[in-house]
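Quick notes on the structure that follows.
Just so it is clear, none of the values below were taken in a lab; they were calculated from the coordinates. In this text, all values refer to a predicted model and were calculated from it rather than measured experimentally. Counting neighbours? That spans all protein chains shown, and the Cβs are built from the backbone with ideal geometry, glycine included.
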């Protein structure tokens with residue numbers, strides 16, 4: 001069990017699991033016959049872990065599934081009894097020698113699996129059965145979206161493309177997934193001239209006939225998907241060079257409101273005043289009640305337009321650091337909890353629940369989107385030892401990565417050096 005958190009406000013620890021020393025990244029969940037299961041994608045390894053969290057105070061290890069060799073398996077989605085897991089070319093940015101940290105010796109130039117695997121988790125939720133695989137070619141898929149039905153929306157890097165683009169994959173026959181559409185920003189396809197940093201990061205969040213899509217330096221996009229085979233651009237919200245080199249990381253619509261929350265991702269360690277540190281990263285709220293813009297009509301900007309900015313997390317007065325830039329590791333926004341229409345996920349239109357790397361888990365009250373305010377946080381105790389993740393690259397601190405909240409109100413968040421934290425808050 002882990003110790004007391006370094007900082008805590010209106011968020012409490014319920015349970016913890018060390019995942020048997022396998023760092024985890026993304027989280028999916030489902031409820032089956034009264035039991036609750038988490039499916040966690042390995043981080044810096046290839047594979048997936050299944051936990052039973054029916055009793056959230058004592059998560060139970062169920063099984064681990066090894067993934068294909070020399071492949072990143074970072075993303076996992078579960079809905080309608082199917083699990084969709086990404087398969088991607090490994091990226092070794094740091095460290096140069098991964099085996100120093102007990103990691104597999106990934107070879108970006110070696111053979112790898114590219115695309116996504118589709119699994120049956122309805123027949124036996126504790127033992128996923130592989131049904132089929134979408135072969136994307138190229139660099140594979142990264143952050144995908146599946147919330148049931150016949151179609152999944154994947155961010156894939158086809159052969160010859162500059163960065164990743166959107167692909168729509170038909171899963172009606174899960175044993176033979178089939179790509180039915182591909183959409184990209186001009187300049188990405190082979191032989192097209194590139195003038196921006198392209199990265200369809202995703203997820204390509206679908207709500208109704210619209211797709212909300214984070215697209216790197218291009219910004220946040222809204223597409224029309226009434227015809228699955230012909231996605232068309234409705235609107236683009238640009239953010240210039242604000243934030244990391246990655247640009248827009250997430251663009252998630254808020255349930256039952258004409259709003260979406262958009263954030264970048266802090267990539268490098270260090271702060272804006274450090275020569276090799278990270279610039280200011282942001283989380284903003286965008287009014288998407290109209291989708292024909294944005295443009296200026298005289299002096300009036302037509303929607304979509306930014307209407308609110310989430311405040312930068314600041315440490316408690318008695319914390320052993322003045323700002324989170326003073327801590328090792330990355331500081332800035334990363335993943336949002338998002339409701340996708342399933343009954344298993346917590347639905348809220350006035351709370352934003354996010355991870356901020358070394359600033360832990362943050363909850364914001366966005367009932368007034370023009371004036372978001374902090375509503376709770378949890379910064380775990382630092383890990384005692386490195387268990388297989390090269391980040392942070394300096395001294396060890398807790399860095400929270402993904403977050404999912406179930407319909408019971410339990411918050412699940414991953415720390416690649418420690419495992420899975422189960423939290424709760426009376427502010428939800």
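Give, in nm to one decimal, the length gained when the segment between residue 242 and residue 126 is fully stretched (0.36 nm per residue of separation minus the Cα-Cα distance).
On the way: separation 116, 0.36 × 116 = 41.76 nm, distance 4.31 nm.
Length gained between residue 242 and residue 126: 37.5 nm.
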>> Compute a Gaussian network model of the chain, connecting alpha carbons closer than 10 Å, and tell me which residue from 413, 232, 261 fluctuates the most.
In response: 232
>> Would any residue of segment 263-296 have its amide N under 17 Å from a label point 7 Å out along Cα→Cβ of residue 224? List them or say none.
In response: 289-294
>> Between 130, 171, 38, where does the largest GNM mean-square fluctuation fall for the chain, given springs only between Cα atoms within less than 10 Å?
In response: 130
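At a 10 angstrom cut-off on C-beta neighbours, averaged per residue, how do the peptides 332-344, 269-281 rank from highest to lowest?
So the peptides 332-344, 269-281, ranked by packing, come out 332-344, 269-281.
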> Hey, with R₀ at 22 Å, roughly what FRET efficiency would residue 386 and residue 107 work out to, going by the Cβ-Cβ distance, to 0.05?
Replying inline: 0.50
> Expressed as a whole number of Å, what is the distance separating the alpha-carbon centroids of segment 1-70 and segment 325-381?
Replying inline: 19 Å
> Once both labels are modelled 7 Å past Cα along the beta-carbon direction, what's the residue 12-residue 257 spacing in nm?
Replying inline: 2.7 nm
>> Taking 0.36 nm per residue of sequence separation and subtracting the Cα-Cα distance, how much length would be gained by fully extending the chain between residue 349 and residue 159, in nm to one decimal?
In response: 64.5 nm
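Using R₀ = 30 Å, calculate the FRET efficiency as 1/(1 + (r/R₀)^6) where r is the Cβ-Cβ separation of residue 427 and residue 273; round to 0.05.
Efficiency for this residue pair is about 0.35.
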> At a Förster distance of 35 Å, what's the computed FRET efficiency of residue 194 paired with residue 342, Cβ-Cβ distance as r, to 0.05?
Replying inline: 0.40
>> Order these by the 10 Å Cβ neighbour count, fewest first: 44, 184.
In response: 184, 44
> Once the principal axes of the Cα atoms of the chain are found, what is the range along each, listed largest first in whole angstroms?
Replying inline: 53, 52, 45
>> Could you check the spin-label model distance between residue 150 and residue 394? Points 7 Å from the Cα along Cα→Cβ, value in nm.
In response: 5.3 nm
> Among 350, 191, 384, which one moves the most in a GNM of the chain with springs linking Cα atoms closer than 10 Å?
Replying inline: 191
> Taking a spot 7 Å from the Cα of residue 60 along the direction of its beta carbon, which residues of segment 119-147 have an amide N less than 13 Å from it?
Replying inline: 126
>> Tell me whether segment 269-428 comes out rounded, prolate or oblate; compute the Cα gyration tensor, take square roots of the eigenvalues as a ≥ b ≥ c, and use a/c under 1.5 as the rounded threshold.
In response: oblate
